[in-house]
Amino acid sequence: MVAQESHEHAAPQGFIRKYVFSLDHKVIGLQYYFLALTAVFVGMVLSLLMRIHLVWPSATLPLFGDIKPETYLSLVTMHGTIMVFFVLTTAPQGGFGNYFLPIQIGAPDMAFPVLNMLSFWTTFVAFLVMVAAFFVVGGAPLHGWTGYAPLSALPSAGPGEGLGADLWITSIALFCVASLMGALNFLTTTLDLRARGMSMMRMPLTCWSWFITAILGLLAFGVLLSAGILLLMDRNLGTSFYVPLGTVNGQLTGHRGGSPLLWQHLFWFFGHPEVYIAILPGMGVASQVLSTFSRKPIFGYKAMVYAMLAIGLLGFMVWGHHMFMSGMSPYSAFAFSIMTMAIGVPSAIKTFNWLGTLHRGRIQFDSPMLFAIGFVSLFVSGGLSGPFLAQPTLDIPLHDTAFVPAHFHLIMGVAAIFGIFAATYYWFPKMFGRMMNERLGRIHFLFTLIGTYCIFMPMHYLGLAGQPRRYSQLTEVAYLHHLIPLNRFITYAAIITVTAQLVFLFNLFWSMFKGPKASDNPWRATTLEWTTATPPPHDNFAGRTPVVNHGPYEYSVPGAPRDYIMQTDPATVAAH
Amino acid sequence: MASFTPTVPMAPPRTSRDDRGRVPPVDGGGGGGREPGSGSPNYRTRLRRARLGLGVALVPILMLFVSFTSAYIVRRGLPTLDPSTNQLVHDWLPVQLPTLLFLLNTCVLVVSSLTLELARRQLQREAALEPVQSMGVSLGQERKIPWLAITIVLGFCFLAGQWMAWQTLQLQGFYVATAPSSSFIYLLTGCHALHLFGGILALLAAGVATLLHRPLDSRRIVVDVAAWYWHFMALLWIYILALLEVAR
Amino acid sequence: MGLVLLCVIWLITFVSTYFFVAKTWWLPTGASAAAAAIDHQFAITFVLMGIVFIAAQLALGLFAWQYRDTGSGKGASYSHGNTRLEIIWTTLTAILFIGLNLAGGPIWARERFQPAQEDATRVEVTGMQFAWYFRYPGPDGKFGVTKPELVDPSTGGEGALGLDPADPASKDDVVTGIMEVPVNRQVEVILRAHDVIHSFFVPNMRFKQDAVPGLAIHMHFTPTETGDYEIACAELCGLGHYKMHGMLKVVSQDDFDKWLAAREAEKQ
């Protein structure tokens, strides 16, 4: 046996081994990222079609033609599903987490590189299966991303509920398996591959966020898988887990005794941790970027860690707040609502600490920082509508109205996306060896911040006025007519905001090839990825193993020669 | 199976337990092993990592069956609305389980757990003796019982036995969709069987690796991890059987 | 850029707040006994969250500008945090959030923990793709049996519900497409669904409840103003979800009695 084991897989040769079936976590991270980028553009197009149909129901669109009510609902379903799974659960964790977790903890790769590769390709196949639902007989399902049974369990309940729904469930099941494989890798890597000196409490908050997200995924995706298995059985094997005795259009369904609420419990037991899976990495990135560009340590590092742990833990105890109106026991509703209000507390702590980081800092407004600051603003806005929905009394008028999408879009659909943008602008130099264009970054930021506020802030008003969710048009219910002009405003804002994303897309691809070359540490940051070459070599640290002597955010330390101390700098200053 | 050969860096990274001042090896990891027991520190690292990975992997599998269990318990006690009387009625139909057959299968599975343990220890002894044998010293023709192969056969026997149990249920008229109780029986036993089959595949891979004379350390890790997985599957089966019998 | 950030964030804050305060688009007028309490709880939450919203956004914008790097060489202040401050604002936040929730508890209890009163007007509300049907028990006070196998939407009211003609209690059941109830008297609704989940939502009554197949959910509310109030389906139920609406007519007790008597007479 060779005395000195080299890195298990030597740098691969050949295009297929280097870029397609790569075992390198950096390549896999980029693969996830570009999959998510594709998915987000598909998702945005779907949302534009939705918004246009909502306010101009009889419009005939070029290429897409007439949009029928069932088509609208399948757009709604696929938009939500693709965004939640293939963007928000893919880019922050699979994309940036895969790329930077090993490097930030000083490891040469993930614990299980082959598993890593498998988890990406399974996600990819899942995406193909999902998109395939559009092209089969009946089209994509119309039951919403939440897939409530019996609507999702009965092929006769609507167009798209046939093969399209089966493909949707299968895609999600594949995604579950892929995510679980990924979570396995993240947890093992974080626990077992940290470099010497990299204790858990010296890890960057990004690593903590990926770690806790992986725990959430590990516990939640198995339950979603179980829900999907039961749904497939109801649809294809004639079982009645979810479907009670009943009729569709006068025809007996052939089921009896099932409970529609069972689906809701299983789905939301997964669904609520899922939204924390979507936001936690963004919180980690926000902390990282705010600290770097304020030239200040993150305010209250320990509190930030405990807050994320609390959010993760409490996140498993609040699922019933999606079910206040469901027919669930009102007593358990009250219990769930107390837990839900409790989870607002760690979120508030994090917000205070982000503000505390900016306070008395020396702020630089590079693009990553703009998006991090935007993240905080959006998190505040989106988060504060939570306490309304968390109270069952107030949920009575607000449940299933536009108030709910206003809440979750500001948090997931914008703040988490700003987290992805911040991460992109921040780590682009390290990944591609070039700088993105600052001016384009600012234009992108301003259009997107203002644009998304114009889209989603008005939705609160619509919800208060009683506009229900998932209506394909507002013409049939009289009290909704006066809300159409505001809906038009939102649609215009959406068109402009989506168009503005082309600026980002151009900046991204142009800079990859033509951007000015980047140094190893253009942001003068402290964490381990900035100690290595740009882009990093195959085994991340060119044969050296980092030894860590400092915490992750030692900026502006009094008496230090520079305003940042890298984690691997010698231990001359008092360790933290 | 490649997924059980994890990355080994040039200098094996230590965990935070070491940041109180232990000196890391300057280069490579070949000569640093001072821990008791067989195997280089490289092997021990890989084994620890693989076991950690398995421990993590067992959590979602557990969650899957926890989820099925809670659906089972709730459904069993759930009254359903009978529209003809506007009353809530319980419609749970207990199934006559092929208990004897299930118990026989349980024995098969428990025995297979034992044989797999023997296979694991057999490999351990082989590894301890390897430096001696590689020097040319012959320890006599050791009659090696093929514990791994026996386990694989027993695993297939278990699956065959489960199939027979399904046939018995169907003879009684209980198919997947006959009643909620029967749906759950097929669901629980079917998912367990599927996971066990995955374990069999891992053992087959280890067997093929033996025939192809792959490195002993890698084979040991595969068998070790598969053994823990297998034991977990055996315990899971006992739990499922207990649930089906007690909460019939 | 710091100034731009401050202006943009403050502008967004002020514009959003303006439309909330001006109530340009707001909750529809409350016309039930629960509305006042619910709206009051809403107002408290709204004011408290509004204060936090404004304070946080203004602070964010202010800090972005105030602590911008002016190139003057003044460094950032090195600090890992302030544990005492953490404890203080954590405690205050917890008191605020949990207090808010507990304050709303009695309203929820009143609306949901207690069953309907004995003398409530009983109406069975059944949702199906894509219409609402309402059934009154008639003079015998009993709802007749319905059977799924008898369901035939094409034959109108009784057929749509699958009313069993063999059951004597069915004979006097009144099935309508419009829900009419007397004012100032509690209404007990028994919510049912045939196919998929629907939701019975009457914004003016501050009332919403999912109608779940396989369940008969008993709820109550008390209308306090006469008028016509639209019912909207508030749970995605298929392609006709957007047009599954109904009408709740709240009339005087006399008008209701007359109307019901006329419907019951038709059943003879």
Listed residues C:189, C:178, C:162: farthest to the positive end of the dipole of the stretch C:121-267 (Cβ charges): C:189
Rounded to 10°, Cα long-axis angle of helix A:25-55 versus longest principal axis of chain A: 30 degrees
Shielding by partners, peptide A:345-355 (average Cβ within 10 angstrom, other chains): 5
Inter-chain Cβ neighbour average for residues C:157-170, partner chain, 10 Å: 1
The protein assembly as shown: Rg to Rh, with Rh as the Kirkwood radius over Cα pairs: 0.99
Spatially close lysines, pair count over the stretch C:121-267: Cα under 23 Å, gap of eight or more or interchain: 13
Zone of residue A:331's modelled label, taken as backbone nitrogen in the stretch C:207-222 under 20 Å from a point 7 Å along Cα→Cβ: C:216-220
Rg/Rh for the stretch B:71-186, where both radii come from Cα atoms and Rh is the Kirkwood radius: 1.32
nm² value of the averaged projected area, convex hull over the Cα atoms of chain A: 27.7 nm²
Under 11 Å, Cβ to Cβ, from residue A:538 - net charge with Lys/Arg +1 and Asp/Glu -1: -1
Label-point gap, in nm, between residue C:91 and residue B:117 - each point 7 angstrom along Cα→Cβ: 5.5 nm
Share of carbon and sulfur in the accessible heavy-atom surface of the protein assembly as shown [1.4 Å probe, %]: 66 percent
Inverse mean reciprocal Cα-Cα distance (Kirkwood Rh) of the stretch C:121-267, Å: 15.3 Å
Total lysine pairs under 28 Å (Cα atoms) in chain A, excluding pairs fewer than 8 apart on one chain: 15
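Between residue C:265 and residue C:185, what FRET efficiency comes out of the Förster formula 1/(1 + (r/R0)^6) with R0 = 22 Å and r the beta carbon distance, rounded to 0.05?
Computed FRET efficiency for residue C:185 and residue C:265: 0.50.
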Packing rank of A:208-217, A:126-135, where each peptide gets the mean count of other beta carbons within 10 Å, highest leading: A:208-217, A:126-135
For residue B:125, solvent-accessible area (1.4 Å; no DNA, RNA or ligand), Å²: 140 Å²
Estimated distance in nm for a label pair at residue B:214 and residue C:4, the labels positioned 7 Å out from Cα along Cα-to-Cβ: 5.7 nm
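Helix-only mean residue ellipticity at 222 nm, chain A, DSSP H runs n ≥ 4 weighted -39,500 (n - 2.57), per residue, nearest 500. What is it?
It lands at -19500 deg cm²/dmol.
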At least 10 Å² of accessible area lost relative to the chain alone, listed for the stretch C:235-268 with a 1.4 Å probe: C:235, C:236, C:238, C:239, C:241, C:242, C:243, C:245
Cut-off 19 Å (backbone N to label point 7 Å along Cα→Cβ of residue A:251), residues of the stretch A:137-156: A:137-143, A:150-156
FRET efficiency for residue C:36 and residue B:88, using Cβ-Cβ distance with R0 set to 45 Å, rounded to 0.05: 0.80
Chain A: angle of helix A:301-314 to the longest principal axis, Cα-based, in degrees nearest 10: 30 degrees
Nearest-0.05 FRET efficiency for residue A:17 and residue A:488, computed from C-beta distance (R0 51 Å): 0.45
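Around residue A:405, with a cut-off of 11 angstrom between Cβ atoms, what is the net charge of the other residues, counting Lys and Arg +1 and Asp and Glu -1?
So the surrounding residues net to +1.
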Average other protein chain Cβ within 10 Å of Cβ, residues A:469-480: 5
Cβ charges +1 (Lys, Arg) and -1 (Asp, Glu), total dipole of the protein assembly as shown, debye: 3960 debye
Cα-based reach from residue C:23 at 16 Å (exclusive), listing lysines while leaving out same-chain residues under 8 positions away: none
Buried solvent-accessible surface, both chains (A, B), 1.4 Å probe, Å² to nearest 100: 4100 Å²
Accessible surface buried upon C-A contact (total; probe 1.4 Å; Å², nearest 100): 9000 Å²
In nm, spacing of pseudo-spin labels at residue A:443 and residue A:156 (7 Å Cα→C-beta vector): 5.7 nm
For peptides A:52-60, A:500-508, sequence by mean Cβ density within 10 Å, most packed first: A:500-508, A:52-60
Directionally averaged shadow of chain C, computed from the convex hull of its alpha-carbon atoms, nm²: 20.0 nm²
In degrees, nearest ten, helix A:163-192 long axis to first principal axis of chain A (Cα): 20 degrees
Probe 1.4 Å, accessible area per residue of the protein assembly as shown, Å²: 36 Å²
Along principal axes, Cα extents of the stretch A:411-466, largest first, whole Å: 51, 20, 8
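The values are calculated or read from the model by the stated rules, or taken from the named source; none is laboratory data. Owing to the predicted nature of the structure, the values given are computational and were not obtained by experimental measurement. Don't worry about glycine lacking a Cβ; one is built from the backbone with ideal geometry, like all the others, and counts go over all protein chains shown. Quick note on the areas: whole protein, heavy atoms, side chains included, nothing else; ligands and nucleic acids left out. Shrake-Rupley method; radii C 1.70, N 1.55, O 1.52, S 1.80 Å.
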